[in-house]
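Below is one structure, written out as structure tokens; comments come after it.
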């Protein structure tokens, strides 16, 4: 089976490429490297002892995108590509709507033209909005608080409409919670360009002295230590979830959503302390005002993924922090 991985050089995409190759899949990777590096794909080849076609291409470049389908017999697609920074999306909504929506529609048009009807879509827990109570279940009402999240929800709705109109489509909507961790080799992990948007890369940069201090946004939430609680999941667990979804696609009726998380919440301070324990480094932090749109607790009900996909997370927070530190030491 040959799988097109859009955004395959990214953090989650690259780990999923390793998982696919190690389990006998052929892959084709597309990425524009706007928040990743082609060097990552060389490491994927090194770790798996396999080579694969790589296309430097933007989703908005329809002709470039089509070249991939013309030159490869694609059986299924795992769609990671997209702009993904929540804060940036608030300041650049047009760029986010244009890139994420038009790019995905280009992909879907090409899939339809080349009769590729199986898709695993990289969605997000942001679609649960601010009005649900954790643990979040797939059947809860959906809403969003920022343009990034809105693009994910709009794409979910596009895919549901597509499946309703044409029963040949089989789609898994994977709602990620908070991926952290790195490959056990220490050779790939989350390495964003510029100032990080996510907690763990920020903690790592403080630990190695690249940034002075971590800002923790709010310590007065109704949580055990007052800081926000999130469901942190090891990126390798997440990658394994994509394989399980891919295997399930032929049996899926239309578009089905699945939460990928651990089902347990950890506070920001839990993560800071676990990282300090793993690294032996002190992470200097300060308390800053709450950010608009942040909720106190966000963690998953993972029973549907366990029952229908046969998937559940294996790694602990300590494992995630250990692997993150191993990655940053190797840089």
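The values are calculated or read from the model by the stated rules, or taken from the named source; none is laboratory data. Because the structure is predicted, anything quoted here is derived from the model rather than measured. Cβ sites come from the backbone with ideal geometry, for glycine too, and all protein chains shown count toward neighbours.
Just one of (1) assigned to a loop (DSSP other than H, G, I, E, B); (2) surrounded by fewer than 21 Cβ atoms within 10 Å (Cβ to Cβ); (3) modelled with pLDDT of 95 or more fails for residue 211. It is (3).
Being in a helix (DSSP H, G or I), surrounded by fewer than 21 Cβ atoms within 10 Å (Cβ to Cβ) and touching a helix residue (DSSP H, G or I) at 6+ places or on another chain (Cβ under 6 Å), is that true of even one residue in the stretch 67-84? Yes, the stretch 67-84 contains at least one residue that is in a helix (DSSP H, G or I), surrounded by fewer than 21 Cβ atoms within 10 Å (Cβ to Cβ) and touching a helix residue (DSSP H, G or I) at 6+ places or on another chain (Cβ under 6 Å). In the stretch 86-98 there is at least one residue that is in a helix (DSSP H, G or I), surrounded by fewer than 16 Cβ atoms within 10 Å (Cβ to Cβ), within 17 Å of the chain's Cα centre (by Cα) and on the phi < 0 side of the Ramachandran plot.
Within the stretch 222-230, at least one residue is within 26 Å of residue 314 (Cα to Cα) and either under 19 Å from the mean Cα position of the chain (by Cα) or in a helix (DSSP H, G or I) (or both). Look at (1) closer than 30 Å to residue 116 by Cβ; (2) in contact (Cβ under 8 Å) with a residue 24 or more places away in the chain and you find that residue 165 fails only one, number (2).
For the stretch 173-189, the condition of being without any contact (Cβ under 8 Å) to a residue 12 or more places away in the chain and out of contact with any strand residue (DSSP E or B) (no Cβ under 6 Å at 6 or more places or on another chain) holds for none of the residues. Taking the listed residues 41, 60, 101, the one that is part of a helix (DSSP H, G or I) and either farther than 30 Å from residue 294 by Cβ or touching a strand residue (DSSP E or B) at 6+ places or on another chain (Cβ under 7 Å) (or both) is 41, with no other qualifying. Give me a count of the residues in the stretch 190-200 that are farther than 24 Å from residue 298 by Cβ and touching a strand residue (DSSP E or B) at 6+ places or on another chain (Cβ under 6 Å). Final tally of qualifying residues: 0.
For the residues 80, 69, 65, the requirement of being within 24 Å of residue 15 (Cα to Cα) and touching a strand residue (DSSP E or B) at 6+ places or on another chain (Cβ under 7 Å) singles out 80. If the condition is being in contact (Cβ under 8 Å) with a residue 40 or more places away in the chain and farther than 15 Å from residue 263 by Cα, then the stretch 129-146 contributes 130, 145, 146. Look through the stretch 253-265, keep the residues that are crowded, with 18+ Cβ neighbours inside 10 Å and assigned to a loop (DSSP other than H, G, I, E, B), and return whichever of them is nearest to the chain's Cα centre (by Cα). Only one residue tops the list, namely 261.
Scanning the stretch 133-144 for residues that are within 18 Å of residue 292 (Cβ to Cβ) and more than 18 Å from the chain's Cα centre (by Cα) returns a single hit, 143.
Of the residues 283, 268, 302, 272, the single one that is within 20 Å of the chain's Cα centre (by Cα) and under 30 Å from residue 213 (Cα atoms) is 268.
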